[in-house]
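Engineer: There's a structure below that I have some questions on.
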Amino acid sequence: MERLAFSTNGHRISGEAEVEVFRLEGQPMIAGAAPSCKVCGIHPQLQISGEVVRAVEPCPYPDGITTEITLEVRSGKIIVTDDLRPVYDWNGRTTADYDSVLGQAEAVRAMAAQGCAYGPVGNSCPGFYRTGPGNYIIAAPWHDDEGIPSLPEDTRLAGVCTDLWAYSIADFDDWIARGGDPETLDWTYTVLEIPPGTYRFVHHTGERDFNGYAAETAIFAHVERIA
Ligand SMILES: [Zn+2]
């Protein structure tokens, strides 16, 4: 066994610096299956050229994926929580693996098509913060040595417990019309009044430079009233 440098061609692959190869009658052969890309979800075909192993096809999303969706809030009330299944559910129907950025973007779009602003946030317990008129963020603040959060507490309108490692936000009346039962609401749900309108959610966790564990405020999504 020996290890050759790995040129990933834009794919994001863990342990991506080198690939194990062995020699068969002097010809180098790649050992094991190709690992999958954390962004596009495919196992890229690999090719040995000289002393380098290359992914043949480039990653279609070298910068990752920013997912934009809109949510209609006609009632002026939203329900904010981690999990709004089974009222809204993509039922695992993503073409790419959900563990990839592309699979998560597909889930976000599938949920938006049903009327739910959904997005993965890891195990971050983020909040829904107001940052200005018609502007909000879904974010997890950084806490300094004294425990002071990097986002003002009085702008935190709702918290999201992350049993599901996601947020789910829907128009409250739409949620009820589709069978949601307010009697079942416990402390993990918040119903908020916000101006009625169309809201754009720009979800960032799939972006190449996104780091939810950096020592700073993690902004998972920007939310803006656009109409
Ligand atoms: Zn890729």
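Engineer: Inside region 149-167, can you point out the residues that are open to solvent by 70 Å² or more (accessible area, probe 1.4 Å) and either under 15 Å from the mean Cα position of the chain (by Cα) or at pLDDT below 95 (or both)?
Structural biologist: If the condition is that a residue be open to solvent by 70 Å² or more (accessible area, probe 1.4 Å) and either under 15 Å from the mean Cα position of the chain (by Cα) or at pLDDT below 95 (or both), then Asp163, Trp165 are the ones that fit.
Engineer: Would region 169-185 turn up any residue that is open to solvent by 70 Å² or more (accessible area, probe 1.4 Å) and either aliphatic (A, V, I, L, M) or outside the structural domain of Phe128 (by TED's automatic domain parsing) (or both)?
Structural biologist: Yes; the residues of region 169-185 include at least one that is open to solvent by 70 Å² or more (accessible area, probe 1.4 Å) and either aliphatic (A, V, I, L, M) or outside the structural domain of Phe128 (by TED's automatic domain parsing) (or both).
Engineer: Among the listed residues Glu18, Glu68, which satisfies the condition of being farther than 30 Å from Ala139 by Cβ and charged (D, E, K, R)?
Structural biologist: Result: Glu18 is the single residue among Glu18, Glu68 that is farther than 30 Å from Ala139 by Cβ and charged (D, E, K, R).
Engineer: Please work out which residue is most open to solvent (accessible area, probe 1.4 Å), limiting yourself to region 8-36 and to residues that are within 13 Å of the ligand (Cβ to nearest atom) and polar (S, T, N, Q).
Structural biologist: Among them, the one singled out is Ser14.
Engineer: Scanning region 37-53 for residues that are open to solvent by 50 Å² or more (accessible area, probe 1.4 Å) and assigned to a loop (DSSP other than H, G, I, E, B), which turns out nearest to the ligand (Cβ to nearest atom)?
Structural biologist: Ile42
Engineer: Still on this model: Which of the residues belonging to region 77-100 are within 16 Å of the ligand (Cβ to nearest atom) and aromatic (Phe, Trp, Tyr)?
Structural biologist: Tyr98 - this is the single residue of region 77-100 that is within 16 Å of the ligand (Cβ to nearest atom) and aromatic (Phe, Trp, Tyr).
Engineer: Please state which of the following conditions Ala170 fails to meet, knowing it meets all the rest: (1) in contact with a strand residue (DSSP E or B) (Cβ under 8 Å, 6 or more places away or on another chain); (2) more than 13 Å from Leu84 (Cα to Cα).
Structural biologist: All conditions pass for Ala170, except number (2).
Engineer: Check whether at least one residue in region 65-88 is modelled with pLDDT of 95 or more, surrounded by fewer than 18 Cβ atoms within 10 Å (Cβ to Cβ), over 14 Å from Tyr199 (Cβ atoms) and charged (D, E, K, R), and report yes or no.
Structural biologist: The answer is no; no qualifying residue exists.
Engineer: Here is a check on your reading of the model: is Arg74 over 21 Å from the mean Cα position of the chain (by Cα), away from the ligand (no atom under 16 Å from the Cβ) and either in the same structural domain as Gly206 (by TED's automatic domain parsing) or not hydrophobic (A, V, I, L, M, F, W, C) (or both)?
Structural biologist: yes
Engineer: Okay, moving on. With respect to the numbered conditions (1) modelled with pLDDT under 95; (2) over 26 Å from Tyr98 (Cα atoms); (3) open to solvent by less than 60 Å² (accessible area, probe 1.4 Å); (4) not aromatic (Phe, Trp, Tyr), which one is the sole condition not fulfilled by His143?
Structural biologist: (3)
Engineer: Here's something else I'd like to know. Mind listing just one residue for me: the one in region 112-135 that is among the aliphatic types (A, V, I, L, M) and surrounded by 23 or more Cβ atoms within 10 Å (Cβ to Cβ) and, of those, nearest to Pro62 (Cα to Cα)?
Structural biologist: Filtering first and then ranking leaves Val121.
The values are calculated or read from the model by the stated rules, or taken from the named source; none is laboratory data. Keep in mind that what you see is a predicted model, and the values were worked out from it rather than measured. Ideal geometry is used to build each Cβ from the backbone, glycine not excepted, and the neighbour counts take in all protein chains shown. Side chains are part of the model used for accessible areas, which takes the heavy atoms of the whole protein and leaves out ligands, DNA and RNA. Shrake-Rupley method; radii C 1.70, N 1.55, O 1.52, S 1.80 Å.
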